[in-house]
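Here the structure is laid out as C-alpha cells; the discussion comes afterwards.
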Amino acid sequence: MADGSAKAQQQAVGKLYAFIIGKMKTGADQGAIIQELAAQGMDRADAAHAVETIYPKVLKAAREQAYTPGALTPALAGGLGAAAAGGLVWAWLVILTGWEIGYVAWGLGWLAGYAVVKLTGGKRGRVLQAVAAGSAVLGIAIGKYLIFWHTIKELASQQMGKDVAAGVSPLSGELIRLFAEHFTSMLSGFDAVWVLLAVGTAWAIPRGLGIKPPAR
C-alpha cells in the first residue's frame, strides 16, 4: 500500500509540474497559474506553495538551457565529432560482421544529440536540435560511404588484384561522386526507418523546455 501511495504521489507531482510548465510556455506568470489551479479546485494556499516552489526551479532550468550564439561552435564540434566517430564505428562493425546493423545507426543519432548537449554545457534549443539532427545524417552518410569504399576495394581486389585495390583511396573524388550519385538507391526501406529514428532521437535530445525566460 505504501508503494502504491508513493507512486500515486509521484504521478500527481509529475502532472503538477507538467501543468505549470505548460502554462509557463504560454507566458503565464505565477499569479495566473495559481488562480487557474484554484479555479480547478485546488486549495489556494496549496496552489500558491506549489507554484512558488516549482516556478523558480523551472525558470532557472530554462535560463541555464537557453541557447546562446557562443554555444554554436562547441555544438558543431560535438556533432561533427559524433558523426565521424559514429560513422567509423558503424562501418567497422558492418565490415567486420558482414551485417549492416541498423540499430547502430539509431545509436549514432543518440550520440550526436548527447555530444551537442554535453559540449555546450547543457544548452538546448532549435539551433542545437538542427545541429544534432544534421550530424546524425552526416554520420550515417560517413558510415555508408566507408562501407561503399570497402565494397569497391573488395571488388577491385577480386577482379583486378590487390595492387589495384590498394590504390582505391577513400578520398578519391571519382569515388565520392559515384557514391553521391547512387546514395539514395543504396537505402533500403529498413535503412529509411533507422535514419528516421536516428534523426528523431538526435532532434529530441537537445530539445529545450520551450519557455522563454523573461528579461532580467
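What about LEU128, is it touching a Pro at 6+ places or on another chain (Cβ under 6 Å) and either at pLDDT 90 or above or closer than 13 Å to ALA85 by Cα (or both)?
yes
I'd like the full set of residues that are exposed (fewer than 14 other Cβ atoms within 10 Å of the Cβ) and assigned by TED's automatic domain parsing to the domain that holds LEU128, limited to segment 188-216.
SER188, GLY189, PHE190, ALA192, VAL193, LEU196
In this structure, does LEU119 turn out to be touching a residue at least 24 places away in the same chain (Cβ under 8 Å) and under 26 Å from LYS60 (Cα atoms)?
Taking the combined requirement at face value, the residue satisfies it.
Does at least one position in segment 25-43 carry a residue that is modelled with pLDDT under 95 and closer than 28 Å to ALA115 by Cα?
yes
Residue pairs, Cβ under 8 Å, 6 or more apart or interchain, first in segment 145-164 and free of Cβ contacts under 8 Å to residues at least 12 places away in the same chain, second among the polar types (S, T, N, Q). List them.
VAL164/SER157
Can you tell me which residue in segment 103-140 is surrounded by the most Cβ atoms within 10 Å (Cβ to Cβ), limited to those that are among the hydroxyl-bearing types (Ser, Thr, Tyr) and either more than 11 Å from the chain's Cα centre (by Cα) or assigned to a loop (DSSP other than H, G, I, E, B) (or both)?
Within segment 103-140, the match that is surrounded by the most Cβ atoms within 10 Å (Cβ to Cβ) is THR120.
Please verify whether TYR67 is of a type in the set (Phe, Trp, Tyr), in contact (Cβ under 8 Å) with a residue 12 or more places away in the chain and over 18 Å from ILE140 (Cα atoms), treating the condition exactly as stated.
Yes; evaluated as a whole, the condition is true for this residue.
Check GLY41 against each of (1) within 12 Å of the chain's Cα centre (by Cα); (2) on the phi > 0 side of the Ramachandran plot; (3) surrounded by fewer than 18 Cβ atoms within 10 Å (Cβ to Cβ) and name the one condition it does not meet.
Answer for GLY41: the failing condition is (1).
Using beta carbons and a limit of 9 Å, which pairs, at least six apart or on different chains, have the first residue in segment 200-214 and of a type in the set (Phe, Trp, Tyr) and the second one at pLDDT 90 or above and not in a loop (DSSP other than H, G, I, E, B)?
What qualifies is TRP203/GLY109; TRP203/GLY113; TRP203/GLN129; TRP203/ALA130; TRP203/ALA132; TRP203/ALA133; TRP203/ALA136.
Let's see how each residue does on (1) within 20 Å of ALA82 (Cα to Cα); (2) in contact with a His (Cβ under 6 Å, 6 or more places away or on another chain); (3) part of a loop (DSSP other than H, G, I, E, B):
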| position | (1), (2), (3) |
| --- | --- |
| LEU146 | yes, no, no |
| GLU154 | no, no, no |
| GLN158 | no, no, no |
| ILE176 | no, no, no |
| ASP191 | yes, no, no |
| LEU197 | yes, no, no |
| LEU209 | no, no, yes |
| LYS212 | no, no, yes |
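The values are calculated or read from the model by the stated rules, or taken from the named source; none is laboratory data. Because the structure is a prediction, the values reported are computed rather than measured. Note that we place each Cβ from the backbone using ideal geometry, even for glycine, and neighbour counts take in every protein chain shown.
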